[in-house]
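The values are calculated or read from the model by the stated rules, or taken from the named source; none is laboratory data. Please read these numbers as outputs of a predicted model, since none were measured by experiment. Cβ: placed from backbone, ideal geometry, glycine included. Neighbour counts: every protein chain shown.
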Amino acid sequence: MMKERYPRLEFNLASLKHNVAHTVELCGSCGIQVAGVIKGATGDVEVARTFEQGGAAFIASSRLEQIEDARNAGIEKKMILIRIPMLSEVEDVIRLCDISLNSELEVLKALNEEACRQGKLHKVILMADLGDLREGFWDKDELADVAEYIENKMINIQLVGVGTNLGCYGSVLPTADKLQELVDIAENIEKRLGRELEYISGGATSSLMRIMDGNIPKRINLLRVGEGILVARDLEEFYGYDLSKFRHDVVRLKAEVIEVKNKPSHPVGEIGVDAFGHKMEYEDRGMRKRALLGVGKVDYGAPCDLIPLEKGIEVLGASSDHTIIDIEDAEKDWKVGDIMEFDVNYATLVYLSNCRNVQIAYV
């Protein structure tokens, strides 16, 4: 067994399985299937396996390497690539994925040719841009034309649905009206094709708000959920939704205290920029007791996103490899070698799980 070392990212798999199962039940009440998005945990295979055990209908990621790891680990759920494919990765998309999200005819033609070479039928969901301005067809007539082209001209590509992304770039909310736009687009395509589409994929975690409010359009039947399962913070923190039925201890960061000293709270000397080229401001609070942790921005991104679990401690800032903590008002008498624990948000989780210097463990 690997020696326990720090910094350390711990996944509580029982809590994760609970969140998956609760999300599946919540969505299932509206006839919606869940694609469990594992990219927030950098495709960790134990996380992916827990998504499978919790009842997710699909495993989804934006990265082919993560999908390949899941397949190699024996996970049998259908795999969805949720970043539109690069031309340079078409061969692996066909080899590894059951479904991919698409918005470029040139790529679809390449997928069709490669699927023919591999003797496979590859399923696709065409993406509609409803205003968030990331991927997807803006011209809805073009979208319908491409749907018809797939239906009539492609042998090894099967159009199984339409989808959209909301909130990830343009911060556009998945309102009931926005999601009805997607349903209307799908139904227009169905009229042109003369058949019903299998999936109308109405976004990601943020679309859970529509289920909770009871106003999600009836034909939405697939959501791609990551943050709402792994962290389950955003909908409560930003929009006030009750997430008490979710568990919030799925992920914990543990970091080791490497120094404890009394120091001035304001740097002493002429102030320039920090190691990342930023001009910082510091509050002078006099001499304060502080702890230094053996973890830094390289490991987790932004120190302001760390959420201390101990009372009376404050994250002051960080450099590449160190985090500075004010412990003057801490209830605990912190010493070198002690382990400090933090809750994390989704962005921090992405950084931590993708950092080779952070040990991943399961509890």
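Below are the figures for this structure:
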{"quantity": "All positions within the range 238-257 that are surrounded by fewer than 15 Cβ atoms within 10 Å (Cβ to Cβ) and more than 26 Å from the chain's Cα centre (by Cα)", "calculated": "none"}
{"quantity": "Where residue 120 falls short, out of the listed (1) over 19 Å from residue 202 (Cα atoms); (2) over 23 Å from the mean Cα position of the chain (by Cα); (3) not in a loop (DSSP other than H, G, I, E, B)", "calculated": "(3)"}
{"quantity": "Evaluation of residue 272 against (1) over 27 Å from the mean Cα position of the chain (by Cα); (2) part of a loop (DSSP other than H, G, I, E, B); (3) surrounded by 13 or more Cβ atoms within 10 Å (Cβ to Cβ) (one fails), failing number", "calculated": "(3)"}
{"quantity": "Test: residue 134 is of a type in the set (Lys, Arg) and either buried (at least 20 other Cβ atoms within 10 Å of the Cβ) or touching a Phe, Trp or Tyr at 6+ places or on another chain (Cβ under 8 Å) (or both)", "calculated": "yes"}
{"quantity": "Pairs with Cβ under 7 Å, 6+ apart, first in the range 331-360 and in the same structural domain as residue 230 (by TED's automatic domain parsing) and aliphatic (A, V, I, L, M), second modelled with pLDDT under 95 and outside any strand (DSSP E or B)", "calculated": "none"}
{"quantity": "Exclusive hit being in contact with a strand residue (DSSP E or B) (Cβ under 9 Å, 6 or more places away or on another chain) and over 18 Å from residue 9 (Cβ atoms), set 286, 277, 272, 296", "calculated": "286"}
{"quantity": "The range 46-59 residues that are touching a residue at least 60 places away in the same chain (Cβ under 8 Å), paired with ones that are among the aromatic types (Phe, Trp, Tyr) (beta carbon under 8 Å, 6 or more apart)", "calculated": "46/11; 46/362; 47/11"}
{"quantity": "Cβ-Cβ under 7 Å pairs, at least 6 apart or on other chains, the range 95-124 side over 22 Å from residue 72 (Cβ atoms), far side among the hydroxyl-bearing types (Ser, Thr, Tyr)", "calculated": "105/149; 124/100"}
{"quantity": "Per-region count, the range 163-189, residues within 20 Å of residue 145 (Cα to Cα) and either surrounded by 16 or more Cβ atoms within 10 Å (Cβ to Cβ) or in contact (Cβ under 8 Å) with a residue 40 or more places away in the chain (or both)", "calculated": "9"}
{"quantity": "Residue among 362, 346, 282 that alone is surrounded by fewer than 16 Cβ atoms within 10 Å (Cβ to Cβ) and within 21 Å of residue 248 (Cβ to Cβ)", "calculated": "362"}
{"quantity": "Residue within the range 29-38 that is without any contact (Cβ under 8 Å) to a residue 60 or more places away in the chain and touching a helix residue (DSSP H, G or I) at 6+ places or on another chain (Cβ under 7 Å) present", "calculated": "no"}
{"quantity": "Matching residues, the range 98-107, being surrounded by fewer than 24 Cβ atoms within 10 Å (Cβ to Cβ) and either in contact with a helix residue (DSSP H, G or I) (Cβ under 9 Å, 6 or more places away or on another chain) or not assigned by TED's automatic domain parsing to the domain that holds residue 127 (or both)", "calculated": "103, 104, 105, 106, 107"}
{"quantity": "Output for the range 229-248, where each listed residue is of a type in the set (D, E, K, R), touching an Asp or Glu at 6+ places or on another chain (Cβ under 8 Å) and in a loop (DSSP other than H, G, I, E, B)", "calculated": "233, 242"}
{"quantity": "Hits in the range 327-342 - residues which are in a strand (DSSP E or B) and surrounded by fewer than 19 Cβ atoms within 10 Å (Cβ to Cβ)", "calculated": "339, 341"}
